[in-house]
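The values are calculated or read from the model by the stated rules, or taken from the named source; none is laboratory data. Bear in mind the structure is a predicted one, so any value in this text is a computation, not a measurement. Because the Cβ atoms are built from the backbone with ideal geometry, glycine has one as well, and the counts that use them run over all protein chains shown. All accessible areas refer to the heavy atoms of the entire protein, side chains included, with ligands and DNA or RNA removed. Shrake-Rupley method; radii C 1.70, N 1.55, O 1.52, S 1.80 Å.
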Amino acid sequence: MQSFTYIAGKGRYRVFCRVYPLMEGYIAFLMGGTKYHVGAVALGLPRPSLKGDKTSATTSVLAVLGHKDDELARPAAAQMAARLQMPAVVVAGVHIDKAAPAELALLAVNGRRAVAGVIKVLLRRLKNPKPVK
């Protein structure tokens with residue numbers, strides 16, 4: 001499968017998720033705002049849910065001191081791992097200087113939308129794989 005990018009939002013509130021499908025997992029970059037950077041890295045590992053017969057995920061996170069990008073990376077990695085049933089690594093870096101709480105909330109919404117879009121595309125591709133030439 002080929003890498004691709006899903007974008008949510010506009011202008012300084014735009015967040016993109018660039019995903020690289022691997023043989024046994026996914027690597028995604030969740031970036032946005034006005035300064036892309038490495039703020040946090042999360043690893044999601046799928047596991048049987050403790051409630052019912054669904055798949056859940058366990059996540060581990062490393063955050064750069066002073067950054068809050070783990071709040072984006074952790075749920076993104078957990079959601080990707082659980083929904084795609086493969087390990088997922090998310091590198092997150094979304095920033096706007098002196099952002100107001102409403103701006104941070106909008107960036108978070110756009111981050112969730114970008115990740116949801118990536119998952120939707122990947123699930124569709126898994127159901128209908130393109131033939132290898």
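Annotations for the structure displayed:
- Residue satisfying all of: in the stretch 1-31; farther than 16 Å from Val90 by Cα and out of contact with any strand residue (DSSP E or B) (no Cβ under 9 Å at 6 or more places or on another chain); least open to solvent (accessible area, probe 1.4 Å) among these: Gly11
- Test: residue in the stretch 108-115 that is assigned to a loop (DSSP other than H, G, I, E, B), under 15 Å from the mean Cα position of the chain (by Cα) and among the hydrophobic types (A, V, I, L, M, F, W, C): no
- Given (1) touching a residue at least 40 places away in the same chain (Cβ under 8 Å); (2) touching a Leu at 6+ places or on another chain (Cβ under 9 Å); (3) not in a strand (DSSP E or B), number of the condition Ala81 does not satisfy: (1)
- When residues of the stretch 32-64 are limited to those that are among the small types (Gly, Ala, Ser) and exposed (fewer than 13 other Cβ atoms within 10 Å of the Cβ), the one farthest from Lys98 (Cα to Cα): Gly52
- Any hit, the stretch 39-57, residues being in a loop (DSSP other than H, G, I, E, B), at pLDDT 95 or above and within 25 Å of Ala8 (Cα to Cα): yes
- Residue within the stretch 90-107 that is within 16 Å of Val38 (Cα to Cα), of a type in the set (Asp, Glu), part of a loop (DSSP other than H, G, I, E, B) and in contact (Cβ under 8 Å) with a residue 60 or more places away in the chain present: yes
- Looking only at the stretch 81-123, and only at residues there that are farther than 21 Å from Leu22 by Cβ and among the charged types (D, E, K, R), the one that is surrounded by the most Cβ atoms within 10 Å (Cβ to Cβ): Arg112
- Check on Arg18, basic (Lys, Arg), assigned to a strand (DSSP E or B) and at pLDDT 95 or above: yes
- When Ser56, Ser3 are checked against the criterion of being more than 18 Å from Gly111 (Cβ to Cβ), hydroxyl-bearing (Ser, Thr, Tyr) and touching a residue at least 24 places away in the same chain (Cβ under 8 Å), a single residue qualifies: Ser56.
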